[in-house]
Amino acid sequence: MADNPDTAASPDPVTERALRIIEEGAPGAVTTSELTGRHPWIGVKAESLRDVAGLVRDHDDLKMECCHLISGVDWPDPKSETGGEMEVIYHLCSYAFPADEAYKQRAEKNDPWIALKVRVPRDKPEVPTVMDIWTGADWHERETYDLVGIRFTMRKELFRILLPEDWPGHPLQKDWVYPASYHGVPIIPPEGL
Amino acid sequence: MSDGNPSLRSGGEPRHAGTVEIHERQEMVSRDLRTEEMVFNMGPQHPATHGVLRVVCKSDGETVRALQPHVGNIHRCVEKIGENLPYYQWLPYVDRMDYLAAICNEHVACMAIEKLGELEVPERAEYGRVIVAEVQRILSHLMAIGVYGLDLGAFTPFLHQFRERERGMDLLDHISGGRLLYHFVRIGGLKRDLSQDWLDELDAWIDTVEQRLPEYNTLLLNNRIFQERTMGIGVIDRDTAVRWGVTGPGLRAAGVNWDCRRDVPYSIYDRFDFEIPHGHSGIGGELGDCFQRHWIRVREVEESVKIIRQARAQLPEGPVMGRVPKGFRPKDAEVYFRAENPRGELAVYMIGAGKPEAYRIRCRGPSFSNIACITEVAEGMLIADLVALIGSLDIVLGEVDR
């Protein structure tokens with residue numbers, strides 16, 4: 001883990017390049033971005049996600065051909081009108097440029113991944129699917145729906161993948177409470193919860 | 001007899017009574033007997049599904065027309081537990097994701113936590129981690145190689161690999177006290193030092209493994225029956241593999257020359273000299289078929305032996321535990337860390353919130369993405385070949401369901 005503090009403080013070359021390509025190819029799609037630090041990312045509007053996804057997959061200088069991981073995070077905020085926000089993070093990677101100069105300059109050496117973040121209001125957590133752009137996103141989207149409760153639209157039927165179909169709620173939401181019982185089996189929450 | 005049927009009187013030749021009867025009966029069968037596609041379940045208790053995987057298949061005779069894998073039977077809420085327990089208490093649960101590669105899981109989780117908390121790991125601990133992780137990789141691949149023979153009907157190689165695997169598991173048992181789940185890699189270093197006796201034992205074991213590998217290859221890789229059964233079967237080409245997020249031997253068999261250990265060097269893997277086996281036409285079979293995936297695992301065992309030898313030679317003296325602050329509370333930050341497990345890339349995405357426990361932990365089990373692709377790949381295959389395909393992907397359901 002020999003991280004160079006100088007490189008960590010300067011903007012990440014790969015994310016910088018992705019940001020430039022997205023701003024050129026899909027103007028107005030980027031909301032906010034974080035180019036420095038250990039986890040650089042680009043925030044994207046939900047409605048332009050599919051354009052951006054197609055762009056970063058097909059652009060010759062990025063070729064993010066693999067959707068490595070889709071995660072959902074719940075950020076509740078009781079003061080907000082919408083009850084807070086929900087976030088979907090797409091970690092995309094490329095197998096095309098293991099020797100690319102920009103990747104080599106990274107703090108993490110040549111690690112060809114970028115992260116896209118999409119924030120949606122908590123009372124209407126709907127994000128368009130990217131399943132037709134990266135086929136492997138199918139199961140990741142189902143899992144995110146199952147555990148976090150973010151709904152992916154414009155795709156084929158979205159149903160649970162890990163939990164039973166009749167399981168109450170989405171357990172990784174921060175305000176989820178343990179049900180008293182499931183099919184007559186009492187549930188005792190772990191201590192401290 | 002059917003005098004009114006013109007087809008029987010064509011040509012006016014006298015026909016043998018028996019022939020007519022058979023002909024008639026066949027016509028009757030195709031007319032009266034309805035054929036239809038059948039839906040059946042493979043699993044969740046089927047030995048060839050390597051755990052509790054249920055695959056619903058629609059078949060036309062012996063041909064698979066469509067299928068849908070159902071997972072989640074052993075979901076154990078690793079991510080939910082991670083949000084409720086301090087980082088160091090979460091570590092034992094990581095072992096239980098991919099239970100055939102427990103130490104590799106610990107290694108990845110610890111590296112992610114150390115990156116989040118900006119902790120330093122002593123040199124000797126880094127070497128120790130690489131040694132045990134590579135031992136684990138050999139154990140995992142031996143299991144995959146042997147069990148694949150079992151899937152295809154060869155029982156003997158399975159028992160042969162268990163001989164070496166037992167000794168390897170004893171090795172890890174001696175340092176950690178566990179046979180399958182070790183909890184040996186800790187945040188900041190290792191649980192205990194590697195003694196000289198243990199290292200001598202390790203040397204003897206990797207020599208044996210290297211010596212016995214050709215024996216397994218005689219039984220499987222160079223066996224005509226095995227080759228006929230796997231070559232050209234279950235082809236996952238580059239495009240399919242990348243689109244579905246297949247990683248590990250499945251990706252490399254498709255011809256992608258990619259291994260996180262070399263291409264995204266983590267820990268101290270950049271100090272060793274080893275090859276990345278990847279699929280090509282010179283070894284027989286087709287690019288990305290079951291045979292090439294098996295071949296890659298065999299080659300990776302050889303490469304792991306090489307890495308262990310080099311790490312053994314370079315192993316420095318010193319402590320095996322770094323300074324970890326009491327009440328470890330990583331600040332507000334997020335990390336994404338990925339590394340090469342025996343089955344593919346295990347990635348951990350973690351959000352710290354200045355508390356003893358993480359705000360969110362997300363794990364990407366490589367088997368989860370690897371098994372998803374069979375919905376597309378298995379269409380049009382024979383049911384018997386479906387067993388060969390699932391076996392060659394070498395999935396661990398503990399990691400699919402987490």
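The values are calculated or read from the model by the stated rules, or taken from the named source; none is laboratory data. Quick caveat: nothing in here was measured; it's all calculated off a predicted structure. Glycine also receives a Cβ, built like all others from the backbone with ideal geometry; neighbour counts cover every protein chain displayed.
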**OP:** All but one of (1) in contact with a Pro (Cβ under 8 Å, 6 or more places away or on another chain); (2) farther than 30 Å from B:Ile374 by Cβ hold for B:Gln314, so report the exception by its number.
**Re:** (1)
Subject >> Members of the stretch B:369-390 found to be at the interface with chain A (Cβ under 10 Å from one of its Cβ atoms) and not in a helix (DSSP H, G or I), listed by number >> reply: B:Cys373
Original post:
Is there any pair with a first residue in the stretch B:228-249 that is free of Cβ contacts under 8 Å to residues at least 60 places away in the same chain and a second that is charged (D, E, K, R) and buried (at least 24 other Cβ atoms within 10 Å of the Cβ) whose Cβ atoms are under 6 Å apart and which are 6 or more apart or on different chains, and what are they?
Top reply: B:Gly232/B:Asp289
Original post:
Just a yes or no: is a residue in the stretch A:42-63 closer than 28 Å to B:Gly248 by Cβ, modelled with pLDDT of 85 or more, surrounded by fewer than 19 Cβ atoms within 10 Å (Cβ to Cβ) and not acidic (Asp, Glu)?
Top reply: yes
Original post:
From the list B:Leu315, B:Leu287, which one is hydrophobic (A, V, I, L, M, F, W, C) and closer than 29 Å to B:Leu386 by Cβ?
Top reply: B:Leu287
**OP:** Identify, from the list B:Leu219, B:Leu199, B:Leu150, the residue that is surrounded by fewer than 21 Cβ atoms within 10 Å (Cβ to Cβ), modelled with pLDDT of 90 or more and assigned by TED's automatic domain parsing to the domain that holds B:Cys104.
**Re:** B:Leu199
Subject >> Tabulated pairs, the stretch A:83-95, first within 10 Å of another protein chain (Cβ to nearest Cβ) and farther than 22 Å from B:Ala254 by Cα, second modelled with pLDDT under 90 and surrounded by fewer than 21 Cβ atoms within 10 Å (Cβ to Cβ), C-beta under 7 angstrom, 6+ apart or interchain >> reply: none
Subject >> Filter result (within 11 Å of chain A (Cβ to nearest Cβ) and crowded, with 23+ Cβ neighbours inside 10 Å) within the stretch B:335-350 >> reply: B:Tyr336, B:Phe337, B:Arg338, B:Gly344, B:Glu345, B:Leu346, B:Ala347, B:Val348, B:Tyr349, B:Met350
Original post:
Checking B:Trp295 against (1) over 19 Å from the mean Cα position of the chain (by Cα); (2) more than 11 Å from chain A (Cβ to nearest Cβ); (3) part of a helix (DSSP H, G or I), which test does it fail?
Top reply: (1)
Subject >> Residues of the stretch A:21-35 satisfying the condition of being exposed (fewer than 15 other Cβ atoms within 10 Å of the Cβ) and without any contact (Cβ under 8 Å) to a residue 60 or more places away in the chain >> reply: A:Glu23, A:Glu24, A:Pro27, A:Gly28, A:Thr32
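I need a count of the residues in the stretch A:13-66 that are assigned to a strand (DSSP E or B) and of a type in the set (A, V, I, L, M).
The number of residues fulfilling the criteria is 3.
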**OP:** Only residues that are crowded, with 22+ Cβ neighbours inside 10 Å and either outside the structural domain of B:Phe337 (by TED's automatic domain parsing) or of a type in the set (S, T, N, Q) (or both): list them for the stretch B:247-285, please.
**Re:** B:Thr247
Subject >> Residue match in the stretch B:96-115 (condition: without any contact (Cβ under 8 Å) to a residue 60 or more places away in the chain and among the hydrophobic types (A, V, I, L, M, F, W, C)) >> reply: no
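Select from the stretch A:173-193 the residues that are small (Gly, Ala, Ser) and at pLDDT 85 or above and write down the one among them that is surrounded by the fewest Cβ atoms within 10 Å (Cβ to Cβ). If you could, list the steps in order and put the result at the bottom.
As a first pass, look at the stretch A:173-193 and keep what is small (Gly, Ala, Ser): A:180-181, A:184, A:192.
Still in the list and also at pLDDT 85 or above: A:180-181, A:184.
On the way: A:Ala180: 10, A:Ser181: 9, A:Gly184: 5.
Among them, the one singled out is A:Gly184.
Does B:Gly327 count as in contact with an Asp or Glu (Cβ under 8 Å, 6 or more places away or on another chain), more than 9 Å from every other protein chain (Cβ to nearest Cβ), outside any strand (DSSP E or B) and modelled with pLDDT under 90?
no
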Original post:
Going by the conditions given, is B:His278 more than 14 Å from every other protein chain (Cβ to nearest Cβ) and over 30 Å from B:Ser195 (Cβ atoms)?
Top reply: no
**OP:** Determine whether the stretch B:303-324 contains at least one residue that is polar (S, T, N, Q) and over 24 Å from B:Glu215 (Cβ atoms).
**Re:** yes
**OP:** Could you list, in sequence order, all residues of the stretch B:179-204 that are touching a residue at least 60 places away in the same chain (Cβ under 8 Å), under 26 Å from B:Ile113 (Cβ atoms) and over 21 Å from the mean Cα position of the chain (by Cα)?
**Re:** B:Phe184, B:Val185, B:Arg186, B:Ile187, B:Gly188, B:Gly189, B:Leu190, B:Arg192, B:Asp193, B:Leu194
**OP:** Filter the stretch B:207-232 for residues that are part of a loop (DSSP other than H, G, I, E, B) and either touching a Phe, Trp or Tyr at 6+ places or on another chain (Cβ under 6 Å) or within 19 Å of B:His278 (Cβ to Cβ) (or both) and give the result.
**Re:** B:Leu220, B:Leu221, B:Met231, B:Gly232
Original post:
Within the stretch B:242-253, can you find the residues that are within 10 Å of chain A (Cβ to nearest Cβ) and in a loop (DSSP other than H, G, I, E, B)?
Top reply: B:Gly245, B:Val246, B:Thr247
